[in-house]
1. For the ranges 114-126, 312-324, 463-475, what's the packing order if you count other beta-carbon atoms within 10 Å of each residue, average per peptide, and put the highest first?
2. If contacts are Cα pairs under 8 angstrom and at least 6 residues apart, what is the relative contact order of segment 198-294 in percent?
3. Roughly how many percent of the accessible protein surface of segment 544-666 is carbon and sulfur, given a 1.4 Å probe and a whole-percent answer?
4. Mind grabbing the accessible area of Y247 for me, 1.4 Å probe, Å², rounded to tens?
5. When the C-alpha atoms of segment 71-179 are aligned to their principal axes, what extent does each axis show, in angstrom, from largest down?
6. If a/c stays under 1.5 just call it rounded; otherwise compare a/b with b/c (prolate if a/b is bigger, oblate if not). Do that for segment 139-263, with a ≥ b ≥ c from the square roots of the Cα gyration tensor eigenvalues.
7. May I ask for the Rg/Rh ratio of segment 199-357, computed from Cα atoms with Rh as the Kirkwood radius, given to two decimals?
8. Report the Cα centroid-to-centroid distance between segment 51-114 and segment 157-175 in angstrom, as an integer.
Amino acid sequence: MNQQNLMMFPNEEIDPAVMATLTGAPQADSGKKPKPARNEERLHIWQDRLNLNAAAFAGTEKQIREYEALYAGTDRVEPMTDRGRARIAPHVRNVVAENIESTIDSTIPQPKVTCSKKANRGKARRIENMLRNLLDRLPMETMNDAMERWVPVNGGGYWMVEWDNDKNGIAVTNLHSLEVVPQDGVYTQVEDSDYIIIKRPQTKSYIKKKYGVSVADEEESEPDVKGTRADAESTAKDMVTQYIAYYRNDDGGIGMFSWVNDIILADYENYQGRIIDGEEQKYEEIFFPINTAGGEVIMPPARIPYFSPNMFPVILEKSVSVYGKLLGESDAARIRSAQNAINRVETKIIRKLIRSGSKITKPATLASLRIDEYDGDTITVHNLDEIQQIKVLELEGNIQQDLQFLAQLYEEARQQLGITDSFQGRRDSTAQSGIAKQFAAAQSAGRLESRREMKRAAFAQLFEIMFKFMLAYSDDPVSVVSNDVQGQIEYDTFDRYDFLIRQPDGSYEWDIDDYTFSCDNGIPLAQNRSALWQETFNFYQAGLFTLDANNPSQIESILMAWSSLDNNMYPGAADNVDWVRGKLEEALALQQQRQQAEQAAQQQAAQAQEAAAQAQNQQAQNAAAAEARGAEIKQQETALAADRDRAKLQLEAKKQDQDYALKSAELKLKAVGGNSPLVR
C-alpha cells in the first residue's frame with residue numbers, strides 16, 4: 001500500500017503486524033533476519049549438485065583461465081609438435097588484447113518498451129523512463145566496462161538482479177563466468193535450467209550482517225574465485241566462499257538455498273514471494289482507498305495478489321553463439337594459434353638480432369687480443385701472418401621473411417574477428433574518401449553485430465526482470481524524471497498499482513503480458529555526439545524542423561521523413577514524430593476552424609444576399625401594391641366624382657323639374673283665374 005494513503009489516519013495507532021500486512025513490507029524491512037533452516041539433508045543435496053556440476057564444468061573452467069592468461073599477455077610459447085617443449089618468450093606482442101580492446105563498446109543499451117494496446121502506451125513510456133532512471137542510479141558504466149572484456153575473452157558473463165531492502169531499490173551486479181556453475185547439459189539459456197549455482201567471495205562481516213549467521217571460524221573453500229591472478233588463489237583471512245543456488249520450485253517460482261562450507265545461511269522455497277514475519281503472504285489486504293498515479297482508485301475491501309517475478313535473477317550475456325555450449329565462443333580461442341605463432345616468430349627474430357653484429361677473427365696464438373672497444377689499444381703480434389688473420393666480420397640477421405610472416409599472422413587474427421584498419425582508426429589505403437572509410441568501418445561492424453545483438457538480448461532480459469522486481473517489491477510510488485522533445489524536464493510517477501486490472505467478479509490481476517522489452521538501437525549513434533550534431537544541423541537545413549502551420553501537406557511530408565528515420569532507429573526520431581504529429585493535428589484543427597469560418601461567412605453572405613433579394617422583392621411587391629392601391633383609389637375618386645356629378649345633375653334636373661312643375665301650377669292657376677296659394 002502507498003504510504004501516502006496511511007496519512008488518512010494520522011492519529012490512529014496501528015499494530016506493527018497489521019502495518020506490515022497493509023504495506024506488504026519485505027521481512028528485512030521489519031529489522032528481523034531470516035532464520036536459517038537446519039536441514040542437513042538439503043545441504044548435502046546441494047553440495048552434491050555443486051560437486052557434480054563443477055566437475056562437468058572443470059574443462060570449461062580450465063579453458064577460461066587459459067583465455068584470461070592469453071588476454072593478460074602470457075609469455076608461454078606452446079610447442080608446435082608433440083615432441084616439442086614449451087618455452088618462454090622474451091617479448092610478447094599481445095594481439096589478443098589488442099584486437100579485443102578495439103571492439104570494446106562502452107554504450108549502455110537503453111530500454112524500449114512496446115505494447116499492443118493503445119491504452120497502455122502511456123504506461124509503456126513510463127516503464128521506459130523508470131528503467132532509464134534506474135540505469136542512471138546504478139554503476140552501469142563500471143560493470144559494462146568489465147563485461148565488455150569478460151564476454152569476448154571468456155565467451156560470456158552474467159548479470160544478477162537483487163532487491164536491496166536497505167536501500168529499498170534494485171541492485172545489479174555482474175558475475176564472472178568462473179563465479180557461476182551452470183547445470184550440466186543446459187546450453188540454451190539460464191531460464192531453461194532447473195537450477196544454477198553462484199560462487200561469491202564475501203567478507204565474514206557481510207554474511208553476519210545480511211543473514212545473521214556467524215562464519216568467523218570458516219575459511220575460503222575456493223579462494224581462486226576471487227580472480228585469475230596468481231595472488232588471487234591465496235586464502236584471505238576475513239573472506240569466505242558463499243554458495244547461492246537458485247532453483248525452479250514445483251509451483252514454477254524461484255527458490256534459493258545458500259551456504260558456506262557446512263553452514264546453512266538461507267533456505268527459501270519461494271524466494272521471490274513476500275515473506276512477512278517468517279510466513280509467505282499470497283495476498284495484500286486493502287483496507288483504505290488507494291489512489292494510483294494513473295488516476296485509478298482501488299476501493300476497499302480488496303485482495304491484491306502479491307506479484308512474483310518467477311524468473312532466475314541471473315542473466316547470461318554471451319558472445320557469439322556456439323551449438324552445445326552455454327557460453328559463447330571466445331575471441332581469444334579463435335586467435336589463440338595466431339598468438340602462439342606470433343610469440344614463436346617474435347622469439348626467433350629476437351634471437352637472430354642478438355646473434356647478429358660485428359665478429360672478430362684472430363689467430364689462436366694471439367691470446368692477448370682484446371675484443372671490447374678501446375681506442376688506442378695496443379695489439380702485440382709475432383709476425384705479419386697474424387696481422388692478416390685479424391679481421392672484423394659483420395653478421396646481419398635477415399628477418400624480412402619473419403616480419404612478413406608476422407604481418408600475415410596479425411592480419412589473419414584480425415580477419416578471424418572481423419576487424420579492419422578503419423575500425424581500429426588506422427590508415428586504410430583501400431578507403432580513399434571519408435564515406436569509403438565509414439562504409440569500411442560499417443562493414444567491419446556488421447561482422448561484429450552478432451556480439452552486439454547478444455548484448456542487447458541480455459539487456460532486454462535485464463530490463464524485463466528489473467520491471468518485474470519493481471512490481472513485486474516497490475511498495476511506494478517512484479518519481480520518474482524524463483525530457484520531452486523540446487528538452488523540457490517532465491516529472492512522472494511509476495506506481496505498481498497502475499498495472500492492476502479489475503476482473504468482472506471484483507478480483508484483481510496483474511496486466512503485464514502486453515509489454516515487450518527490447519533495446520533502443522538508435523543509442524549507439526546518440527553516443528557519437530559530433531556526428532549527431534552534424535546530422536541534426538543537416539536536418540535543420542533540409543527544413544525538417546520548420547513547420548508551416550498554414551500548410552498541413554508540408555507537415556505531413558516532414559512527418560513521413562521523421563517516421564522513416566524512426567523506423568531506422570535514428571535517436572530522438574520517435575519524439576520528433578510525436579512532436580510533428582501534434583503540430584499536424586494543430587494545423588489540421590486550425591485548417592478545419594478556418595474552413596468552418598469560411599463556410600460560416602459564406603452562409604452569412606448567402607443569407608444576407610437572400611435577405612436583400614427578399615427585401616427587394618418585398619419592396620417591389622409593396623410598390624406594386626401601392627400603385628395598384630393608388631389606381632384603385634383614383635378609380636374610386638373618379639367614380640366618386642362621377643357620382644357627385646351625377647348627383648348634381650340629378651339635383652339640378654330635379655330642381656328644374658320642381659321649377660317647371662311650379663310654373664306649370666302657376667300657369668294653371670292663372671288660367672282658371674284664381675290666385676295661387678303659393679303666391680304670397
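The values are calculated or read from the model by the stated rules, or taken from the named source; none is laboratory data. Keep in mind it's a predicted model, so treat the numbers as computed, not measured. Cβ coordinates were reconstructed from backbone atoms using ideal geometry, including for glycine residues, and neighbour counts include every protein chain displayed. Side chains included, ligands, DNA and RNA excluded: accessible areas come from the protein's heavy atoms. Shrake-Rupley method; radii C 1.70, N 1.55, O 1.52, S 1.80 Å.
1. The most tightly packed comes first, giving 463-475, 312-324, 114-126.
2. 21
3. 51
4. Surface open to solvent at Y247 totals about 20 Å².
5. 71, 34, 23
6. Rounded shape, in that the Cα axes give a/c under 1.5.
7. Numbers: Rg = 26.3 Å, Rh = 21.5 Å.
Using Cα coordinates only, the ratio equals 1.22.
8. Answer, in whole Å: 28.
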